[in-house]
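In what follows, a single structure is set out as C-alpha cells and then discussed.
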Amino acid sequence: MSIGTLGKQEFSAEQAAKAAANVPKEPAGLPDINPALLQVEPLKNPKTPLPANELVFGKTFTDHMLMVEWSRETGWAAPLIKEYGPLSLDPSSSVFHYAFCLFEGMKAYRGEDGTIRLFRPDMNMARMNRSAARIALPEFDPDALIELIKKLVMLDAKWIPSEPGYSLYLRPTMIGTQNSLGVGASGTALLYVIASPVGPYYATGFKAISLRATSEFIRAAPGGTGGFKLGANYSPAIVPQVEAAKEGYAQNLWLHGEEHELTEVGTMNLFVVIDRTEEDGTTEMVTPPLQDLILPGVTRDSILTIARDHVAGKVHVDGLPANGLVVSERKMTMPELAALARQGKIKEVFGAGTAAIVTSVDNIGYLGKNIPIPCEADGLGPIAKAMLGRIQGIQTGKIPHEWSVVAGRV
Ligand SMILES: *Cc1c(COP(=O)(O)O)cnc(C)c1O
C-alpha cells in the first residue's frame, strides 16, 4: 500500500516511513477478489417489492447482498451473494470502536429498453480504494468488484422500478472486523454491497434549498479525512444539520478558515455561477479545488467534464451558454460571494451529488443576514438544469456514452 501521497497531501519521508511501519505488511501474492469463485446462495424467503410510490429513501432493500471477507493472512476470500439479512459481528470488532468504516453511493438505472446500466462505476471503485487505503483497510481489484456488482444488480433486477426517475441505489461498504480493542490496523475486513430501490430525490418536482453558511462547525480540515468517504466523517455533521434545520435552513454551507472559504453543501459538492458579462462577456462556473476539504464527487467530475467538453466544442449541451463559459476550480470565499450577490452577478448556486444529481440554492444565511440567490420557478437554475438533462440522459441510455456501463438486460 502506498502511503506517500494520500489525497493531495505530501507526507515527509519520515512521516511516511512511520505510517508504513504502523501498517503491518501482508504476505505477497495473496488472492485478490475473484468473481470466478462467486457462490450464490438460494433465497429462503423472497420478498415482494413495495409499489414504487411507497418507497422511502434507503428503507427498503432487495433480496440479496454481496459479501467478500478479507484477512491479512489469506487475502480476499471467495465472494458470496446471499439473502439480505443481519450480520453477526463480535462486539469488539474494530468498526464499532474506531470507525473502521467506509462506503460508496452509486446507482443502477433501468432504461426504457429494459437495459440496466451503472454510471461511471470505475470512479466509485477508485474512490473506495482510496478510502480503504486511508484507514489501512485492504484494497481490491476494481474491475472484479464491478463485475460482482453487475451480478447482484441483475439478480435483483425486478427490484428496479420501471417508472421514470427511479433507480437502484447501491451501497458498497467496507468495515474492519478485527476482534480486538487494540488501536491499530484491522487484520480482518468485510466488504459488502446492499441495494435499495429509490424514487426521484424530489418526488414532487425540484425545490431550491436555503443554506446556513457555517464556520462554527467544520466538516473537513487540512490533513484530515474530508476527501475520503469514511463513515467517521458523517456522524459529526448531524448536530450542525439539526441546528441548521432549527434555524429554518435545509443544509449547512461548510466554510473553512478565517477567510470563510466555500467548501461543500451538506453532503454535496458546490457550484457557483457568476455573470461576468460586464467585465469580459463570460459566465464563470466555479467549484472549490480538490484538496483535503473536498470530497471528489463523481457528479462534480461529470459536471466539470461536461462543461469543458461543451466549451471545447466536443459536445453541444442544450441550456449551457453558447459562448463564453469559463470553468474554474478555484478557491472562493463567502465575502466574495456576498459582494458578487450584492452587485447582482451571482447567476445561480447549486449542490451536486449522486442522490439528486443537482440541487439549486435560493438563499444563503451568512453572519445574521440572508443573501437571496436567483433561481427559476421550477426550482432549478439554468446550468443545473442543463447538467441534470445531460447526466440523466447518459444514465438512462438515451444519450449513448462511455460513462454508461451495461450491467445486463431484462
Ligand atoms: C458522496 C459525497 C458527495 C457527492 O459525491 P458523488 O460521487 O457525486 O455522489 C459530495 N460530498 C460529500 C461530503 C459526499 O459524501
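A short reminder: the numbers here are calculations on the coordinates, not readings from a lab. Note that the structure is a prediction, hence the values are computed from the model and not measured. Cβ placement follows ideal geometry from the backbone for every residue including glycine, while neighbour counts extend to all protein chains displayed.
Rounded to the nearest 0.05, what FRET efficiency do Gln291 and Leu43 give with R0 = 35 Å and r taken as the Cβ-Cβ distance? Could you check? Walk me through the intermediate numbers first.
Values: r = 46 Å, r/R0 = 1.30.
Efficiency computed from Cβ-Cβ geometry: 0.15.
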Extended-chain gain in nm, criterion 0.36 nm per residue less alpha-carbon gap, Tyr201 and Asp378: 62.2 nm
Stretchable slack from Thr333 to Lys158, in nm (0.36 nm times residue separation minus alpha-carbon distance): 58.3 nm
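So if we plug the beta-carbon distance of Ala36 and Leu367 into 1/(1 + (r/R0)^6) with R0 = 41 Å, what FRET efficiency do we get, rounded to 0.05? Don't skip to the answer; put the middle values down first.
Working: r = 59 Å, r/R0 = 1.44.
Given R0 = 41 Å and the Cβ-Cβ separation, E is 0.10.
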Sequence-distant lysines (8 or more away, or on other chains) whose Cα lies within less than 23 Å of Lys150: Lys44, Lys47, Lys59, Lys82, Lys107, Lys158, Lys229, Lys398
Rounded, prolate or oblate (a/c below 1.5 giving rounded, otherwise prolate when a/b exceeds b/c) for segment 54-187 by Cα gyration tensor: prolate
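Per the helix-only calculation at 222 nm, which mean residue ellipticity applies to the chain, given -39500 (n - 2.57) for every DSSP H run of n ≥ 4 and division by its residues, nearest 500 deg cm²/dmol? Working shown, then result.
Values: 9 runs with 93 residues, N = 410.
The helix contribution divided over the chain gives -6500 deg cm²/dmol.
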Given charges at Cβ of Lys, Arg, Asp, Glu: the chain dipole, positive-most of Phe206, Ala339, Leu255: Phe206
Distance (nanometres) between label positions extended 7 Å along Cα→Cβ at Arg409 and Asp143: 2.4
For segment 267-309 and segment 222-246, distance of Cα centres in Å: 22
Loop trypsin sites (Lys or Arg not before Pro), segment 27-94 (other Cβ atoms within 10 Å of the site Cβ: 15 or fewer; DSSP): Lys44, Lys47, Lys59
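Using a Förster distance of 30 Å, how high is the FRET efficiency between Ala312 and Glu278, based on the Cβ-Cβ distance and rounded to 0.05?
0.75
Which whole-number percent gives the relative contact order of segment 115-259, counting Cα pairs below 8 Å spaced six or more residues apart?
Numbers: 150 pairs, mean separation 29.9, N = 145.
Dividing the mean separation by the residue count of segment 115-259 yields 21 percent.
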Protection-proxy order for peptides 272-282, 350-360, 257-267, 371-381, each taking the mean of Cβ atoms within 10 Å per residue, highest first: 350-360, 257-267, 371-381, 272-282
Charge dipole magnitude, Cβ of K and R +1, D and E -1 - the chain, Cα centre, debye nearest 20: 520
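Relative contact order of the chain, please, whole-number percent, based on alpha carbon pairs below 8 angstrom and at least 6 residues apart. All intermediate terms of the calculation are to be shown ahead of the outcome.
Numbers: 835 pairs, mean separation 72.6, N = 410.
RCO, the chain: 18 percent.
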